[in-house]
Amino acid sequence: MPLDPNRVVRRLRELQELTGDENGAQRVAWTDTWNRARAWLGGLLAALPLETARDEAGNDWWTLQGVSDRAVLLGGHIDSVPSGGWLDGCLNVVAATEVLHRLAEAGTPPVTVRLVNWADEEGARFGRSLFGSSAAGGSMRDQDELRLLTDHDGVSLPEALAANGVDLDRALEARRQLEGAAAYLELHIEQGPVLESMGLPLGAVLGTFGVERHRITWRGQAAHAGSTPMTARRDALAGAAKLALEIRDIARRVGDGAVCTSGGVVCRPGIVTSVVETAEQLLDQRHLRADKLAELLHQAKMASEHFADEEGIGVEWERIWSIEPIRFDETLIDFCDEAIHEVAGASHRLPSGPLHDAAEVSRGGVPTVMMFVQSLRGLSHTKLEDTREEHLELAVQALDRLAAKTIAWVAAHA
Ligand SMILES: [Zn+2]
């Protein structure tokens, strides 16, 4: 049976009907709605000759055994944020069911092909993203912190996991699933405005940005707004304000897609009659290259010290979180680009700002690539998230071509 790209669109709408409401998708991981979605996904594959398994981290696997055990993986996540969109994550798992249908009906493939539905990509309930893929990829090393996470109702992560048959202490045993994995492919909506602005349906993803996140605390002196002359002030907010503007120049100077965001400043005492004594500023910096990411951070720190001197205030930096940039596999990026050219006539290579399960798989040592399909208005994590149907159909065709090229490549090296 030939590929039926429109069937993917119909199924995605069916999933939205089944697990969404007037506010959007409600497939938050470790909930009943998520389990309904997982069962529905299994139903799409029930007629195929696949081995099914749920691993120790709650990831679901469907395996089409090939001549060789070397495996090409197709992955995505069916969980969503609360009131999310109809495509984020589920596009790839549903598109991959179509690819598996075509492959299974063509007979035994030369290499094994597996579909994985990663558990809890979004981290919407407990604030920890990429749960299942970080367990399988092996980067999950924060078990003691994970144990302390609770949701809004006070349910702990281990309790919620246990209710879904997952033992946190054994989650890392999911690593076994990546043994023998020769390639990992993930289709995703772009969730940004780049492809739409270029008038292109699809793009090949170069990798995911490295991220540096810091809390910067500026310390001045609270003083009366009426009695303190302008020249006698030590205003903590002035330092934060100068840095918030300076990071735009820093991003421009470092270039190559650098982005810097000052996402919030909290001032104390925070009253209209006082100069600001402390200003706590949040800074997020991202780049696809480690050296450029380091340069973004270095320049921001230098600038902050300069501004602290100018304003007669103190400044301290504290790292909240960081992750290194992850470059996808050059050969697979080329295959992805070719596949896109074949179905859409033109392609574009771009980095991913958001993190994805693919980053964890790549860190786990498996050659990886992602394909992006255009997002309308760059919107995601909202019910307004959308992509044109014809672009979704092109994406399914391009994913199928990418899978075919990858299978042939792995078979030639198996
Ligand atoms: Zn996603």
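Report the calculated FRET efficiency for Asp309 and Asp142 (r = Cβ-Cβ distance, R0 = 41 Å), to the nearest 0.05. With R0 = 41 Å, the Cβ-Cβ based efficiency is 0.65.
Nearest 5 is fine: what % of DSSP beta bridges in the chain come out antiparallel, could you say? Once the DSSP bridges in the chain are tallied, antiparallel ones form about 70 percent. Put +1 on the Cβ of each Lys and Arg and -1 on the Cβ of each Asp and Glu in the chain; which of Val265, Gly199, Ala53 then has its Cα farthest toward the positive end of the dipole? Of Val265, Gly199, Ala53, it is Val265.
Beta bridges per DSSP, both residues in the range 58-208: antiparallel share near 35 percent. Relative to the Cα centre, the charge distribution of the range 7-144, modelled as +1 at Lys and Arg Cβ and -1 at Asp and Glu Cβ, gives a dipole magnitude of about 360 debye. With helices as the sole contributors, the chain gives -12000 deg cm²/dmol at 222 nm; each DSSP H run of n ≥ 4 counts as -39500 (n - 2.57), and the sum is divided by every residue. Under a Gaussian network description of the chain, with springs only between Cα atoms under 10 Å, the residue in Ser227, Ser134, Ser322 that fluctuates furthest is Ser227. Pairwise Cα separations in the range 172-298 fall into 5 Å bins from 0 onward with the following percentages, short to long: 2, 9, 13, 12, 12, 12, 11, 9, 7, 5, 3, 2, 1, 0, 0. Heavy atoms of the protein chains alone define the surface here; on that basis the chain has 41 Å² accessible area per residue at 1.4 Å probe size. Along the chain, the exposed loop sites are trypsin sites (Lys or Arg not before Pro) outside DSSP states H, G, I, E and B with at most 15 other Cβ atoms within 10 Å, and the longest stretch free of them is 142-387. Geometric descriptor of the range 191-233, per residue, is 199 Å³ (volume of the convex hull of the Cα atoms).
Roughly how many whole Å is it from the C-alpha centroid of the range 180-246 to that of the range 85-107? Cα centres, the range 180-246 to the range 85-107: 35 Å.
Each residue of the range 95-100 was assigned a 3J(HN,Hα) from its phi angle through the Karplus expression (A = 6.51, B = -1.76, C = 1.60, θ = phi - 60°), giving 4, 5, 4, 5, 5, 4 Hz with x at Gly and Pro. Note on the chain: with a GNM built from Cα contacts shorter than 10 Å, the maximum mean-square fluctuation among Ala222, Ala183, Ala258 falls on Ala222. Defining a contact as two alpha carbons under 8 Å apart and six or more residues distant in sequence, what relative contact order in percent does the chain show? Normalised by residue count, the contact order of the chain is 22 percent. Stretching Arg252 away from Leu48 to a fully extended chain increases their span by 68.3 nm, per 0.36 nm per residue minus the current alpha-carbon distance.
Largest GNM mean-square fluctuation across Glu159, Glu324, Glu121, computed for the chain with C-alpha springs under 10 Å, falls on Glu159.
Using Cβ point charges alone (K and R +1, D and E -1), the dipole size of the chain about the Cα centre works out to roughly 440 debye. Amide H contacts under 5 Å for Ala258: none, restricted to partners 5 or more places along the chain or on a different chain, H placed in the peptide plane at 1.01 Å from N.
For a test of the definition: using alpha carbon positions, the gyration tensor, and the 1.5 limit on a/c, classify the range 1-152 as rounded, prolate or oblate. Oblate, because a/c is 1.5 or more while a/b does not exceed b/c. Taking a ≥ b ≥ c as the square roots of the eigenvalues of the alpha carbon gyration tensor, the range 319-414 is oblate, as a/c is not under 1.5 and a/b does not beat b/c.
Classification of the chain by its C-alpha gyration tensor yields a prolate form. The axis ratio a/c (a ≥ b ≥ c) is 1.5 or more, and a/b outweighs b/c. Less than 5 angstrom separates the built amide H of Phe328 from those of Gly207, Thr208, all sequence-distant by 5 or more or on a different chain.
The values are calculated or read from the model by the stated rules, or taken from the named source; none is laboratory data. What you see is a predicted model; the values in this text were computed from it and never measured. Note that we place each Cβ from the backbone using ideal geometry, even for glycine, and neighbour counts take in every protein chain shown. The area values use the complete protein model at the heavy-atom level, side chains included, leaving out ligands, DNA and RNA. Shrake-Rupley method; radii C 1.70, N 1.55, O 1.52, S 1.80 Å.
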